[in-house]
Each structure stands twice: as C-alpha cells, then as structure tokens.
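Undergrad: This is the structure, below, for whatever I ask next.
What follows draws every value from the coordinates through simple rules; no lab data is involved. Nothing here was measured: the structure is a model prediction, and the numbers come from that model. Neighbour counts are summed over all protein chains in view; Cβ atoms, including those assigned to glycine, are modelled from backbone coordinates with ideal geometry.
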Amino acid sequence: EQDPEETGGLYAFTAHAGSRYVMVYNRAYRVYFINNVALPLENRYRYYFKVRRGESPEDEYYHSEYGQVAEQLEYFVNPDGAEFRYEGWSYSQDRYKEFNPSAAIYRKTYLYAYYKDNVKEVDDARKKLEDAIKEAIRVSDDYFLKQEESGELKEAVEEALEVLDRENPRATAGQLEEALEKLKEKTEPYEEILDDRYNHYDDIQDNGNKGGNKGGGGSGSGSKQNPFNTKRPESYTLGTNGNWVEISAPVGGERQMAFVLNGGMRLSGMWAWIKYPADGNGNISDRTGWYHFNDKGIMETGWIRDESGNWYYCNTEKEGRFGKMQTGWRHDGADENWYYLIPEGGAMATGWRKIGEKWYYFETAGAGVYAYDPVEERWNYGGGSGKPLGSMYKNEMTPDGYAVDSDGVWIP
C-alpha cells in the first residue's frame, strides 16, 4: 500500500484494457501520545501514528506502530517537592480518564500521560511547618525561658528551617512532616514549662493583676523600635519577676541598666511596665511606669522613635526615675524647645493640640536637626536653625496662619 501523505496523493498501478477498477477511500486519523509533565525535560514525550476510521489502535494491523509507544517515567519529584506517580494514558489532562486502546477511532485523538500528584499535601505540610516554626520562635523568645532553654529551642528551629528552605528540589511532604514532628517534640515541653511559670507568676500578682505576656519578644535598635502599646500587659514586678542589673558600659560610656527576669533572660526589644512594690504605708512608687529596652536588653533613655514614626522621651536623670517614660510637658535643654508628650500613651504631640482649655501648635515636619548616634545608641541634637519635629511654636505664626503668644497659646 502507498501512503497518500507520502506521495502527495499520487500513486501508480498497472491497468489492463477492458478491466474495471473501483477506488476505495478510507479516512485515517492521527492518535497522539503526549507527556508534557515529566521532569527532567528529557523525559517529555510526543509520538503519533494513524488509525483508519472505525478501527482501534490495538488492532493487529497497527501492532508495529502501537508497539512503539514508549514506557513513561513512573515517578519523579518536581522542584517544589511534590511527588508525581504515573497512572497511565488519559483522554484528559486534568483528570484521569483511562485510555481504551480497543475503542474505535473516529477523530483526531490526543492521549496524555497522567500523573497523580500530592501538590496540595506538600503545600499543607509546608504551611504547617511554617506555622510551627513561628510558634517555636515565639516560645524561644519568651522572657520566662532561661538562656540555655531558649538556645536549645532555637537550634531546633534552625534544623526545621534547613528543611523548609531546601531548594532544587524543595523538601517533600514526607520530609516536611518529619521536620514538623521533630520540632513539635522540642517545642511542647517548653510550652508546658512556660505554662507552669506563668501560672506561678499569676499567683503572686497583687489583686490578681496578670503580668507578662507569653511570647513577648521583639526587635529593633537605633531609629526602629516596636510601637508603644499601652494595652499590652507587659507587666513585671521588681523583686518578684526580676531585678535591675547594672551592665558594664563601654569605657567612657554612660550607665547602662537591664531588667533580668528570674529565669535569667533580659527584657529586650520591648516596652515593659515595671512595677515597684508599695512602701510600708501602701504608697505606690513614682518609679513605677513604662520603660523601653533595646534588642540587646539595655534600658534606653532620651528620645526614642518607634517604627510607626512616633516619638517618646525616657528620663535621663541618673537617679530616681531613670529611664521611665515621661508624659506631659517637657522642656528640652539641648534645643531649648518645649514638647508635649500625650498622657494617654506618651507619644509626642504634633500639629494643633488642645491642652486644658488652650490651643497649642507643635511642628509637624521637622528640620532633621536630630541625628542617631549608633555608638551611643541615642538621638542627639545637632544644632541648626530649623524647628525640630514636635517643638512648640511661640511668638510667631503657625504654618496655617494663626498667631501664638510667648507661651505658645493661640491668640483668637
């Protein structure tokens, strides 16, 4: 037989005079076998042969062509760690609709190598491990864990992160689940330890005032600090939950203080309400209040800016209320300006502010006259003619055209 596609539809035969010839035409269709899934790419596959209308690929006539369909890759792992297992040839790419080689062919037919995968299972396992790592980090940063306890848990976190961060290929579902179980085994005992310590802490709080906040922790130094939040119950009682410890300062440096919990951990990267015991007459010490600790666990003084751009001032006096957050009016001896620190939270006021029955205006832009000293880890006034952010206007016109007197009070 001659293939019309190979001869351009032309063929030759020997005819005999007086004979009668009948041309019979039977249309044929291509049957494609395609693998667009397998990895590496050299395992991709494409092959076809023709089957006459109404006949099937497994008919004896097509034994040679059908026999040339190659075996497909049985198993592979993609770069995301998902596992693929070969099921067979399918009429559909999206779901397994099994190919029947004995079925008659009536049109061009595409058959796809179908693989069952566990992409969803891998995604779920990865999400669970990510959540478990976040939880373990939260626990390891808790201020009621001892340093060696925290260090041991952080090592477990590093091991889990090594599995989570693998590339080419990424971890499989089985590897992720194994890492998850190992991390849980390390985390759960410390959660029980913390429960016991917090229960003990709650028992000794005056009037049932709950202290601490499981999983405190934070970060920041220099110009970036955790935003102050007066609703966070980060409360610690001096002598009950921990004590002030003086830290050796660099040569020529200023006095440095840390608040060390009974477990040996410093408060760090956070605002904390330090409660001083009442005196013999039941009077509350004026040193009770909010204090800020940098990420090294050193109490900060002077101007502090959080990551939301709010400014606060913590007392720089070496005795008495050293380090305590200040509220209300403050006169800065460095730049000779007045500032107002809002009593509800301590943030520095900007713009128009009604204080008592009078209106005042505080600079909203700032001239960049304060600079951060990374060595001293504090904001210092550098001089200049511009107005510092938050400084009060006096004896002048405000940017929106209103006059204020020598005390900064708006003149109606």
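Undergrad: Using a Förster distance of 56 Å, how high is the FRET efficiency between GLU178 and LYS358, based on the Cβ-Cβ distance and rounded to 0.05?
TA: 0.25
Undergrad: Next question, about the same structure. By the scheme Lys and Arg +1, Asp and Glu -1, what is the net charge of all other residues having a beta-carbon under 12 Å from that of VAL51?
TA: With Lys, Arg at +1 and Asp, Glu at -1, the neighbours total +3.
Undergrad: Test of understanding: what is the full-extension gain from GLU319 to ALA365, defined as 0.36 nm times their sequence separation minus their Cα-Cα distance?
TA: Contour length minus the Cα-Cα distance gives 13.2 nm.
Undergrad: What spacing in nm lies between the two simple spin-label points modelled at ASN36 and PHE13, each 7 Å away from Cα in the Cβ direction?
TA: According to this spin-label approximation, the distance is 4.1 nm.
Undergrad: Still on this structure: Figure the gain on full extension for ASP286 and VAL77 (residue separation times 0.36 nm, minus the Cα-Cα span) and round it to one decimal in nm.
TA: Working it through step by step, the gained length comes to 68.7 nm.
Undergrad: May I ask you to list the lysines whose Cα is less than 24 Å away from that of LYS184, ignoring any residue fewer than eight positions away on the same chain?
TA: Partners found: LYS120, LYS127, LYS128, LYS134, LYS146, LYS154, LYS214.
Undergrad: Return a whole-number percent for the relative contact order of the chain, with Cα pairs under 8 Å and 6 or more residues apart as the contact set.
TA: Once normalised by length, the contact order is 8 percent.
Undergrad: Among the trypsin sites (Lys or Arg not before Pro) in the range 306-400, which ones are in a DSSP loop with at most 13 other Cβ atoms within 10 Å of the Cβ? Mind listing them?
TA: Counting only loop positions with at most 13 other Cβ atoms within 10 Å, the trypsin sites (Lys or Arg not before Pro) in the range 306-400 are LYS318.
Undergrad: Where the only charges are on Cβ atoms (+1 Lys, Arg; -1 Asp, Glu), what is the dipole of the range 235-404 about its Cα centre, to the nearest 20 debye?
TA: Roughly 320 debye, rounded to the nearest 20.
Undergrad: What FRET efficiency do you get for TYR402 and TYR372 if R0 is 45 Å and r is their Cβ-Cβ distance, rounded to the nearest 0.05?
TA: The computed FRET efficiency comes out at 0.85.
Undergrad: Another one. Might you report the magnitude of the Cβ-based charge dipole of the chain about its Cα centre, with Lys and Arg at +1 and Asp and Glu at -1, to the nearest 20 debye?
TA: That gives a dipole near 1320 debye.
Undergrad: Under a crude label model (7 Å from the Cα following the beta-carbon direction), how far is VAL24 from ASP124 in nanometres?
TA: Inter-label distance under the simple model: 5.8 nm.
Undergrad: If I stretch the segment between TYR91 and TYR61 completely, what's the gain in nm (0.36 nm per residue apart, minus their alpha carbon distance), one decimal?
TA: 8.5 nm
Undergrad: Please arrange HIS292, HIS331, HIS16 by how many other C-beta atoms lie within 10 Å of their C-beta, fewest to most.
TA: Exposure proxy ranking, most exposed first: HIS16, HIS331, HIS292.
Undergrad: With both partners inside the chain, how many of the DSSP beta bridges are antiparallel, as a percent to the nearest 5?
TA: Looking only at bridges with both residues in the chain, the antiparallel portion is about 90 percent.
Undergrad: Between TYR198, TYR96, TYR11, find the one with the highest GNM mean-square fluctuation for the chain; connect C-alpha pairs within less than 10 Å.
TA: Its mean-square fluctuation being the largest, the pick is TYR11.
Undergrad: What nm value, rounded to one decimal, do you get for the distance between GLU344 and LYS116 when each label is placed 7 Å out toward the C-beta?
TA: It is 6.2 nm.
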